[in-house]
Amino acid sequence: MPSISSRLSTLSESVIRNTTRTANQYGAINLAQGFPDFAPPALLLDALERVAHQPAFHQYAVTWGSQRFRDALARKITRCAGVPIDPDEHLVVTCGGTEAMMVAMMTVCSPGDKVIIFSPYYENYYADTVLSGAEAIWVPLRPPDFAFDPVELERAFAQGAKAIVLCNPGNPTGKVFTRAELMVILALAEKYDAFIITDEPYEHMVHAPHEHCYMHALPGAFERTIVTNSLSKTYSITGWRIGYVQASPEVIRGARKVHDYLTIGAAAPLQEAAVTALEFPDEYYEGVRRFYTQQRELFLGYLKQSGLSYTEPQGAYYVMVDVSPLGFATDGEASDFFIKTIGVAGVAGSSFFREPVNNYLRLHFAKKDETLHAAGERLLKLREYVK
Ligand code: GLN
């Protein structure tokens, strides 16, 4: 029997997706894998229904994204970030943000190149680095406030980094990078001539007084920034798998090739239906922001009473909860206890850290009130176990 690729030897299965399977098995409320349990906007579903009956949309779209979708997307990004985006030069539409990040890495990395990843990190980044033949250089974001040390970051760039990955707002940290922090990262990327690959699916989920600042909109940043993003979170359509890469024309010419050979294209009828979402007015995004801040307040209200401490998220919908007072040897045991005894599933924090940190569980609050109340009531049982 021949052996499978050695590239896979350092990769494990996704802990996030695995926790979802265990949660389902034990009937726990799944606050592990981040996705909503409510319907997408009705107007978007109506559009999907209309598109379903139009034969033209059931065949391949243009490989880098249908013209109508890219036109609408370019208008939406231009409106939100304030930098003109050309639908024909700056965009490739992908199968979710997941493919977008893979495409970005494969486009810029040659075998042996180095990519800086902040730790804790969203687990795909390391896998994408390995699958692109690159090597990761780790820079810690230290809890509880998840700040980085500019000296440590410069040391990483000085090792000859080809790119840095920046998840903003952060998953799993909930950190919203300030403009000043982004300027530090940009200055180093300029000094060491590296790309900045951003991952910004939570751009509209930022809790006041924090504000999302777009890296590509900073002076001088556009050419070296490769934005990866997705419609999944903003429009509650994680199953549609629509994302995109937005970058300079030169990068996009490379990204089109990678994307074409990987997947040919994102689902044509879903791109057509999603044009409706991209044309939503500004009030839609204000509503998204308001809603997630409300869900954060609702959920943290329970967590506060649970006896465990946590880092209050500035953006996105994840909370890192410190489970050390429960006295388990590992966060894997804590995760098991949460699923089987408390009835709420969270992701073992160690799966996000490169350092040996294993006292966190990541929970999320992208759920309707009813689900968060039910989960919150269960979390109150923790008071009996906190030592
Ligand atoms: N980004 C989401 C999370 O971190 C969903 C991950 C996934 O499994 N696609 O939970």
Condition met for ALA375 (more than 18 Å from PHE35 (Cα to Cα) and either in a loop (DSSP other than H, G, I, E, B) or open to solvent by less than 10 Å² (accessible area, probe 1.4 Å) (or both)): no
Extreme residue, nearest to ASP193 (Cα to Cα), among residues of the range 133-158 that are open to solvent by less than 60 Å² (accessible area, probe 1.4 Å), out of contact with any helix residue (DSSP H, G or I) (no Cβ under 7 Å at 6 or more places or on another chain) and among the aliphatic types (A, V, I, L, M): ALA156
Filtered residues of the range 23-58 (kept if out of contact with any Pro (no Cβ under 8 Å at 6 or more places or on another chain), of a type in the set (A, V, I, L, M) and open to solvent by 50 Å² or more (accessible area, probe 1.4 Å)): ALA39, ALA42, LEU43, LEU45, ALA56
Scope the range 59-83; condition farther than 21 Å from GLU283 by Cα and either out of contact with any strand residue (DSSP E or B) (no Cβ under 7 Å at 6 or more places or on another chain) or open to solvent by 80 Å² or more (accessible area, probe 1.4 Å) (or both); matching residues: GLN59, TYR60, ALA61, VAL62, THR63, SER66, GLN67, ARG68
Test: residue in the range 75-94 that is within 16 Å of the ligand (Cβ to nearest atom) and closer than 28 Å to PHE365 by Cβ: yes
Hits in the range 169-192 (condition: farther than 17 Å from TRP138 by Cα and within 16 Å of the ligand (Cβ to nearest atom)): PRO169, GLY174, LYS175
Entirely in the range 243-359, the helices (runs of 4 or more DSSP H) that have 3 or more residues that are within 16 Å of the ligand (Cβ to nearest atom): 282-306
Subset of the range 285-332 (residues that are without any contact (Cβ under 8 Å) to a residue 24 or more places away in the chain and of a type in the set (Asp, Glu)): GLU286, GLU297
Considering residues of the range 258-284 that are under 18 Å from SER132 (Cα atoms) and touching a residue at least 12 places away in the same chain (Cβ under 8 Å) only, the residue farthest from the chain's Cα centre (by Cα): ASP260
The range 13-30 - residue that is without any contact (Cβ under 8 Å) to a residue 40 or more places away in the chain and within 14 Å of the ligand (Cβ to nearest atom) and, of those, farthest from the chain's Cα centre (by Cα): ASN24
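The values are calculated or read from the model by the stated rules, or taken from the named source; none is laboratory data. This is a predicted model, so every value here is computed, not measured. Note: ideal-geometry Cβ built from the backbone for every residue, glycine included; neighbour counts use all protein chains shown. The area values use the complete protein model at the heavy-atom level, side chains included, leaving out ligands, DNA and RNA. Shrake-Rupley method; radii C 1.70, N 1.55, O 1.52, S 1.80 Å.
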